[in-house]
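Please read the structure below before turning to the comments.
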Amino acid sequence: MNKYLNKKKIILIIGGGISAYKTLDLIRLLKKQNCQIKVVLTKAGKNFVTPLSIASLSKSKVYEDIFDSNNESEIDHISLSRWCDIILFAPITANSISKIASGKAEDLASTLILASNKQIILAPAMNVRMWLHKSTQNNINKLLDYGYLSIGPATGEMACGEYGEGKMSSPEEIYKFVLNYFSDRNIVKNKKLKALVTAGPTKEYIDPVRFITNNSSGKQGYEIAKSLAKFGVKTTLISGPSKLKKPEGVDFIKVETADEMFYQTKKILPVDIAVCAAAVTDFKPKKFESKKIKTNNLSLDFIRNIDILEFLSKNNLQRPRLVVGFAAETNNLIKFAKDKKNKKYCDWIVANNISDPEIGFDSDYNEVSIISENKIEKIEKNLKSFIANKIAKKIISNFIQ
Ligand code: CTP
């Protein structure tokens, strides 16, 4: 019996698609590990598998309709969504992805998902063109942005005879994904990992009304903090001025200047993980003028701000076990980022190209390369939330091997 899966409560929604029959194997695999499974069968799914075969394997009633319960004691869709640890939708069609992405509640499956406060995992299956269609990609990205997880689709020959990306992942792969989901979180929780993330710009005051800053939105750092917290890491986000809301599940400290960010960073040490995503203003005025400077005085002297990333990396007494920096470059991306990593002694550096206006600073999208000791891993253009999840996952796997 696998200790991470034992007694886990799973709602499996079976959607329409030829691969629906494969979920019977998935039920068998999960039942072997003593998972409790309740199955919701969509109208389309019913064309491919029978409630009887599902009920005999899952040893549970099959839920089909939101209004099929005449019995008062029967579990309703809200209690059903609270009962489980995760909701797994396999296979999920382009139509159901679209329905969920637009927040519809028009059948039991979509209502359950809309009402759920649990992790939702999707296993898409459809024709390759439908999968690659911009609207499906937009919808799935939207759901990933909401924190849904997705496995597949796999590449291969499809039921329609075409070849490409669109097959549902195999029952074994989905089973492994679910197992990893529970084991990763369990291990992280037991390790009681602590992380600190810096994000956003800093503001350096010249006089009471003037300051220097930059146009960092803080989005990437906020998303990384959110992702780490979701994995069960106790995460503190130290943010410079940003319009973004405090992410859920994260301890939040708001600062204005680099000095304040540095002070708060020192205060929360020791941590296991430090991610410096802030665009700290490199310089501050040598002297803060408490009275507004008159316009005829144009001369200002600047001094460097303390480098928080470098401070953490070189901190012999309380060095986090993993220090991750960011490098925003317009040219020679990998070379300059590597130089920055060496100069600042951090373990990894996340390089992003800010010359492309579609990614970087104020955009919802990013494209990064994670440069570690002896590896460069590129994450293609995607939502910052998606990139954050990948970075967080890589960080976590560093601690749970
Ligand atoms: N950083 C920091 N404290 C500072 C300055 C930068 O922690 N005072 C961190 C950032 O959070 C980021 C990395 O250092 O992780 C970025 O390095 P930086 O030298 O600021 O990059 P640039 O300003 O782009 O440097 P350069 O102009 O030399 O390219």
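The values are calculated or read from the model by the stated rules, or taken from the named source; none is laboratory data. On a predicted model such as this, the values are computed, not experimentally measured, just so you know. Neighbour counts are summed over all protein chains in view; Cβ atoms, including those assigned to glycine, are modelled from backbone coordinates with ideal geometry. Heavy atoms of the whole protein, side chains included, go into the accessibility calculation; ligands, DNA and RNA do not. Shrake-Rupley method; radii C 1.70, N 1.55, O 1.52, S 1.80 Å.
General observations
- Residues (touching a Cys at 6+ places or on another chain (Cβ under 7 Å), assigned to a strand (DSSP E or B) and open to solvent by 10 Å² or more (accessible area, probe 1.4 Å)) located in region 1-37: LYS9
- Within region 282-302, considering residues that are within 16 Å of the ligand (Cβ to nearest atom) and open to solvent by less than 70 Å² (accessible area, probe 1.4 Å), the one farthest from ASN214 (Cα to Cα): PRO285
- Checked across region 311-322, the condition of being within 12 Å of the ligand (Cβ to nearest atom) and either outside the structural domain of TYR263 (by TED's automatic domain parsing) or under 15 Å from ASN352 (Cβ atoms) (or both) holds for no residue.
- Residue selected from region 200-227 under the condition polar (S, T, N, Q) and in a loop (DSSP other than H, G, I, E, B), by the criterion nearest to the chain's Cα centre (by Cα): SER217
- Cβ separations smaller than 6 Å between residues 6+ apart or across chains give the following pairs from region 174-188 residues that are in a helix (DSSP H, G or I) to residues that are surrounded by 18 or more Cβ atoms within 10 Å (Cβ to Cβ) and not hydrophobic (A, V, I, L, M, F, W, C): ARG185/GLY232; VAL188/GLY232.
- Among the numbered conditions (1) more than 10 Å from the ligand (Cβ to nearest atom); (2) open to solvent by 50 Å² or more (accessible area, probe 1.4 Å); (3) modelled with pLDDT under 95; (4) not hydrophobic (A, V, I, L, M, F, W, C), the only one that ASN352 does not meet is (2).
- Selection of region 259-281 for residues being open to solvent by less than 60 Å² (accessible area, probe 1.4 Å) and among the charged types (D, E, K, R) yields only ASP272.
- Some residue of region 158-181 being among the small types (Gly, Ala, Ser) and surrounded by 21 or more Cβ atoms within 10 Å (Cβ to Cβ): yes
- Filter result (without any contact (Cβ under 8 Å) to a residue 40 or more places away in the chain and in contact with a Leu (Cβ under 9 Å, 6 or more places away or on another chain)) within region 84-108: GLY103, LYS104, ALA105
- Within region 108-138, the set of residues being open to solvent by 30 Å² or more (accessible area, probe 1.4 Å), of a type in the set (S, T, N, Q) and in a helix (DSSP H, G or I) comprises SER135, GLN137, ASN138.
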